[in-house]
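These notes concern the structure reproduced below.
The values are calculated or read from the model by the stated rules, or taken from the named source; none is laboratory data. Just so it is clear, the structure is predicted and the values come from calculations on it, not from any experiment. Positions of Cβ are generated from backbone atoms using ideal geometry, with glycine treated the same way; all protein chains shown enter the neighbour counts.
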Amino acid sequence: MEESGIVSIWLGSFESREALAAYAENRFMQNENGEKVPSFTQDFFNGDLWPFEPDVFDYEFNGAPSQDPAVVAAPLGEELCAVLTEVYSKGFDQPYNAVIAVYDYQFEGSRYVPGAPARFVGSFSYIER
């Protein structure tokens, strides 16, 4: 649900920046209303076309996968990188090379969706960018 000052973060492993963009934005799958929706929203938002405002949605590809939160979360900025590093002080359980962030949104769904290339890691407070 929309909530100012909160960012919901997913991490994933993708072969390329193009593969991440295809997952996050391209509309390949159809929801129950016949609308084409991004695979990301199909996986985590029950096929809603845009369950959040598109201008608060961002994603970044990091290249080489890493289990180090400081490396994976670097595109999110210092504050969120520090939060993820604190929460995951022992590192991630598997390597990731991509971050998907939805700002001003508190995600309340499943952390793990079988077959999805991304995994929800948490919702955190942030200072508006």
query = For the stretch 29-67, what are the residues that are surrounded by 14 or more Cβ atoms within 10 Å (Cβ to Cβ), modelled with pLDDT of 90 or more, touching a helix residue (DSSP H, G or I) at 6+ places or on another chain (Cβ under 9 Å) and more than 20 Å from Ile6 (Cα to Cα)?
reply = Phe61, Asn62, Pro65, Ser66
ask   = Is it the case that the stretch 22-44 has a residue that's within 14 Å of the chain's Cα centre (by Cα), within 25 Å of Glu78 (Cα to Cα) and hydroxyl-bearing (Ser, Thr, Tyr)?
value = no
ask   = Where residues in the stretch 85-129 are part of a loop (DSSP other than H, G, I, E, B) and among the basic types (Lys, Arg), which of them is modelled with the highest pLDDT?
value = Lys90
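Out of curiosity, is Tyr59 within 15 Å of Ala116 (Cβ to Cβ) and hydroxyl-bearing (Ser, Thr, Tyr)?
Working: within 15 Å of Ala116 (Cβ to Cβ): yes; hydroxyl-bearing (Ser, Thr, Tyr): yes.
For Tyr59, the condition - within 15 Å of Ala116 (Cβ to Cβ) and hydroxyl-bearing (Ser, Thr, Tyr) - is met.
Would you mind stating whether Ala82 is more than 28 Å from Pro51 (Cα to Cα), at pLDDT below 95, of a type in the set (Gly, Ala, Ser) and not in a strand (DSSP E or B)? Spell out how you get there, then give the answer.
Numbers: more than 28 Å from Pro51 (Cα to Cα): no; at pLDDT below 95: yes; of a type in the set (Gly, Ala, Ser): yes; not in a strand (DSSP E or B): yes.
Spelling it out, it is not the case that Ala82 is more than 28 Å from Pro51 (Cα to Cα), at pLDDT below 95, of a type in the set (Gly, Ala, Ser) and not in a strand (DSSP E or B).
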ask   = Among the residues of the stretch 74-94, which ones are surrounded by fewer than 16 Cβ atoms within 10 Å (Cβ to Cβ), farther than 15 Å from Trp10 by Cβ and not hydroxyl-bearing (Ser, Thr, Tyr)?
value = Gly77, Glu78, Glu79, Ala82, Glu86, Lys90, Gly91
key: Sole exception among (1) under 21 Å from Phe124 (Cβ atoms); (2) in contact with a strand residue (DSSP E or B) (Cβ under 6 Å, 6 or more places away or on another chain) for Glu25, by number   = (1)
